[in-house]
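Here is the structure we will look at, set down as C-alpha cells.
The values are calculated or read from the model by the stated rules, or taken from the named source; none is laboratory data. Keep in mind that what you see is a predicted model, and the values were worked out from it rather than measured. Cβ placement follows ideal geometry from the backbone for every residue including glycine, while neighbour counts extend to all protein chains displayed.
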C-alpha cells in the first residue's frame, strides 16, 4: 500500500502563524489532533495515516509556542481560553466550522475546554490522558498522591530556573521526561532528535512553560459547563501514567452527558505511541460513530460506565518494565 502523503500547511489564526500537517481527503470530516507537552504535531505520527485512510481530513498543528508555530511573548498569551480559540481559528482557516477533536495531555485539556465552552463547533471529543480542568484541583485535594505527582507544575512557575534545567545538556531533562516515563522503545533516537530541534528554537522553552504559568493568572469567572449529550466524549487512559492518577478519567465523566472511559492497563502517559494500533482502533470506532459512549449508560445521572480493555499478555509486565 502506498504511503499516505502528508501535507505541510502554514495557517493563520488569531493573528498568529501556525505550522500544521494535514492528510486525507479535503472534503472528509475534519479531525483536529492536539499534542501536549513537550511534543509537537509529530506526536501524531502513528495516527495520521490510519485516520486519513479511513476518509477523515486530519489536521495536526504545532500549538502556539511549539515547533514551527509562533511563540508570542508573555504569560497571558497562553491562557486556556485563548488556546481553545486557536483551534477554532485553525478549523476556520481550512474552511470548516465543525470538527472532531482528539487531544493528549495539554492538547486534551484544550479539547475539554472546547467541549465545555464551544460545543457548537465540536462533533466528537476523544481525550487521551488529560484531566478535565474543572476536576483536577478537587481530585488532587482528595488524593495526596496526585498532589505529589503534580509537584513539577509548581517548579514550572519559577522564572528562568525551569528553562535552565530543561535546556541543559542538549535538553537532556526533556528527553528523559519522555523516555523514563514511557515503555522501552516508545521514543526512538530519531523521535528525540526531532523534538530537540523544536525545543532549541528561540523562545520555545519559555513559551512551552508559559502554558503552565498561565494556570495561575486571574481570569474572568466562567463557570464550567456540562458537555451536552449531543457531543459524545471518549476518554482513553493509560493507567501507568507517572503524572496523572487513573481516577481522573472517571472524575471527568461527571461533566459529560454522554461519555465513557476506556483504560489501557499496561500503557503509560504515552499510550498513543506505545499501543498505537489499539488506540487507533478506538479512535476510528469512536469517530465513525460506532460503539457510542451513550451505549454504556449505567443509569446514574451524568455518568456512564467505564469500559476496560481486556487484559493481555503485555499487561503482566511489572510497573518498572512499563516505565523503562
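Observations on the structure shown:
- All conditions but one from (1) under 19 Å from residue 16 (Cα atoms); (2) part of a loop (DSSP other than H, G, I, E, B) apply to residue 39; the one that does not is (1).
- Only a single item in (1) in contact with a strand residue (DSSP E or B) (Cβ under 6 Å, 6 or more places away or on another chain); (2) modelled with pLDDT under 95 is not met by residue 133, and it is number (1).
- Condition check for residue 183: under 15 Å from residue 74 (Cβ atoms) and surrounded by 13 or more Cβ atoms within 10 Å (Cβ to Cβ): no
- Flag if residue 258 is modelled with pLDDT of 95 or more and over 18 Å from residue 125 (Cβ atoms): no
- Subset tally (residues that are surrounded by 20 or more Cβ atoms within 10 Å (Cβ to Cβ) and over 23 Å from residue 177 (Cα atoms)) for the stretch 71-85: 3
- Selection count, the stretch 159-176, where residues are surrounded by 13 or more Cβ atoms within 10 Å (Cβ to Cβ) and part of a loop (DSSP other than H, G, I, E, B): 0
- Some residue of the stretch 267-289 being part of a strand (DSSP E or B) and either farther than 27 Å from residue 243 by Cβ or at pLDDT 95 or above (or both): no
- Verdict on residue 255 being crowded, with 24+ Cβ neighbours inside 10 Å and in contact (Cβ under 8 Å) with a residue 60 or more places away in the chain: no
- The criterion of at least 1 residues that are within 22 Å of residue 240 (Cα to Cα) is met by the following helices (runs of 4 or more DSSP H) wholly inside the stretch 54-157: 106-117, 136-142, 144-149, 151-156.
- Residue within the stretch 204-217 that is over 18 Å from residue 37 (Cβ atoms) and surrounded by fewer than 21 Cβ atoms within 10 Å (Cβ to Cβ) present: no
- Test: residue 129 is in contact (Cβ under 8 Å) with a residue 60 or more places away in the chain, surrounded by fewer than 17 Cβ atoms within 10 Å (Cβ to Cβ) and farther than 15 Å from residue 212 by Cβ: no
- Cβ-Cβ contacts under 6 Å between residues 6 or more apart (or on different chains), taken from a first residue in the stretch 266-291 that is surrounded by fewer than 17 Cβ atoms within 10 Å (Cβ to Cβ) to a second residue that is modelled with pLDDT under 95, are listed as 285/291.
- Top-ranked residue in the stretch 35-56 [being farther than 15 Å from residue 280 by Cα and in contact with a strand residue (DSSP E or B) (Cβ under 6 Å, 6 or more places away or on another chain); ranked as surrounded by the fewest Cβ atoms within 10 Å (Cβ to Cβ)]: 36
- Test: residue in the stretch 205-221 that is over 27 Å from residue 155 (Cβ atoms) and either touching a helix residue (DSSP H, G or I) at 6+ places or on another chain (Cβ under 9 Å) or at pLDDT below 95 (or both): yes
- Any hit, the stretch 68-77, residues being touching a helix residue (DSSP H, G or I) at 6+ places or on another chain (Cβ under 6 Å) and at positive phi: no
Each row is one residue, and each column tells you yes or no for (1) closer than 20 Å to residue 47 by Cβ; (2) out of contact with any strand residue (DSSP E or B) (no Cβ under 8 Å at 6 or more places or on another chain).
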site	(1), (2)
197	no, yes
203	no, yes
206	no, yes
218	no, yes
223	no, yes
255	no, no
259	no, no
268	yes, no
281	yes, yes
